[in-house]
Amino acid sequence: MSKEIRIQCLVPDLPAPADTLPYLEEMYSNRWYSNFGPLVRRFESDILSFLQEHNGAQDCFVGTFSSATTALELVLKAIHLPKGSRVLVPALTFPATALAVLNVGMIPVLADVAPESWELTPEIAENALSEKAISVVMPVAAFGKPVDSAGWAAFQQKTGVPVVLDAAAALGQQDILGELIYCFSLHATKPFGVGEGGLLVTGNEDLVIETKSLSNFGFQGPAGVVREIGTNAKFGEYYAAVGLAQIGRWQEVMDRRTAVLDQYKAGLHRAGNSVSLQQGTGNFIPAVFPVYAKGRAKALEEKLADAGIHTRRWYLPPLYEHPGLKGMEGVVNLEPASFPVCEDLKESLLGLPFHGFLTAEDTAEISNIVAEETA
């Protein structure tokens, strides 16, 4: 029987109350709490400067939203495709990727992922275009691994198919090209968390203006005049206050996460176990920490649970196994045989604890258990 949890899988790393207090006092003084207030406008300006400095987001524009999911939905609305348009998404992703497509009346078409990156790639997308008519491709920064911006920009130019990047967990690490569209999450569980919220980043200023209008019921021009059918998906001043404080402590957050990753890599190497990591891990710091243990994920999950260590099966089951998502299309069909990589990952991926508050003793204990179970 599983023991009481001693080591949590994920612990948010948000600013302390004292860090946000100056912004909250300013908000209180302004008596402005929502509807594109001064803190939201400052956060949009400061986060754009941050992305320009760290991620190459030159000649880009930023919009804030209530979540990354609503940002994705409103982008899909703003590119004005007909209802029923097909959007290619990876079968291995958080369900919000497909739900955003469904919520705007479009059809998610599922594709398998690459065996080492665990992501939808431009090569997979090109093959999908030969099977079905696809109107948009929505790659995902799986587990926080940055997507291949240059590759997707080349794909978009070659095929003429727009690319909307669900980079939810990769804020601060994803390189940004203005010709593409990026949506990021600010959820509390993300490395750059504020509690709740989303960002749109792109070089298309008109797209940002339109999606922000859609986030405010579709109002444009004179107050209260709806030009397009929108919704209420605005980013509030409270979250902007946390975001402004979070920008200032980003390096501190990343230093802790980098140290934990280094401890894991050393511990797993010393243990000599047979697990492997997502391609490129170390060149980026993942948002969560899935390891690949061929066919052993369930057994490893139970072993760690017996030791009081919490784990997660991130992105699993694949989208085609969610009862509420039945009826989606596959590139070929929805038979498991059409998704061999996802079928393998379903039995082999397990998310280990990963956050900035783990100790060297924690990672050593976890690494040793992983080694014993996968030897």
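The values are calculated or read from the model by the stated rules, or taken from the named source; none is laboratory data. Source: prediction; values computed, not measured. Glycine gets a Cβ as well: all are built from the backbone with ideal geometry, and neighbour counts include every protein chain shown.
Confirm whether Ala245 is part of a loop (DSSP other than H, G, I, E, B), touching a residue at least 40 places away in the same chain (Cβ under 8 Å), surrounded by 14 or more Cβ atoms within 10 Å (Cβ to Cβ) and of a type in the set (Gly, Ala, Ser). Here the answer is no, as Ala245 does not meet what is asked. For the residues Gly356, Gly327, Gly308, the requirement of being under 21 Å from the mean Cα position of the chain (by Cα) and among the small types (Gly, Ala, Ser) singles out Gly356.
Does the range 248-266 hold any residues that are out of contact with any strand residue (DSSP E or B) (no Cβ under 8 Å at 6 or more places or on another chain) and crowded, with 19+ Cβ neighbours inside 10 Å, and which are they? Once the filter is applied, which keeps residues that are out of contact with any strand residue (DSSP E or B) (no Cβ under 8 Å at 6 or more places or on another chain) and crowded, with 19+ Cβ neighbours inside 10 Å, the range 248-266 yields Val253, Arg257, Val260, Gln263. Against the test of being at pLDDT below 95 and in contact with a strand residue (DSSP E or B) (Cβ under 9 Å, 6 or more places away or on another chain), the options Val225, Val161, Val208 yield a single qualifying residue, Val225.
Inspect all residues belonging to the range 122-139 and state whether any of them is under 13 Å from the mean Cα position of the chain (by Cα) and under 21 Å from Glu210 (Cβ atoms). The answer is yes; a qualifying residue exists. Which of the residues that make up the range 1-43 are in a helix (DSSP H, G or I), polar (S, T, N, Q) and over 27 Å from the mean Cα position of the chain (by Cα)? Once the filter is applied, which keeps residues that are in a helix (DSSP H, G or I), polar (S, T, N, Q) and over 27 Å from the mean Cα position of the chain (by Cα), the range 1-43 yields Ser29, Asn30. Taking first residues from the range 6-31 that are among the aliphatic types (A, V, I, L, M) and partners that are not in a helix (DSSP H, G or I), the Cβ contacts under 6 Å between residues at least 6 apart in sequence or on separate chains come to Ile7/Ile309; Ile7/Pro353; Leu10/Thr189; Leu10/His355; Val11/His355; Val11/Phe357; Leu14/Gly193.
Filtering Ile107, Ile79 for residues that are of a type in the set (A, V, I, L, M) and in contact with an Asp or Glu (Cβ under 7 Å, 6 or more places away or on another chain) leaves a single hit, Ile107. Identify the single condition in (1) over 19 Å from Met138 (Cβ atoms); (2) part of a loop (DSSP other than H, G, I, E, B) that Lys212 does not satisfy, given that it satisfies every other one. Status for Lys212: all satisfied but (2). Within the span defined as the range 70-80, one or more residues are of a type in the set (D, E, K, R), touching a helix residue (DSSP H, G or I) at 6+ places or on another chain (Cβ under 8 Å) and in contact (Cβ under 8 Å) with a residue 12 or more places away in the chain.
If only residues of the range 193-212 that are out of contact with any helix residue (DSSP H, G or I) (no Cβ under 6 Å at 6 or more places or on another chain) and over 12 Å from Phe65 (Cβ atoms) are counted, the one that is surrounded by the most Cβ atoms within 10 Å (Cβ to Cβ) is Thr202. Out of curiosity, is Lys234 at pLDDT 95 or above and part of a helix (DSSP H, G or I)? In short, no. Has the range 183-196 got any residue that is in contact with a strand residue (DSSP E or B) (Cβ under 7 Å, 6 or more places away or on another chain) and under 18 Å from Val104 (Cα atoms)? The answer is yes; a qualifying residue exists.
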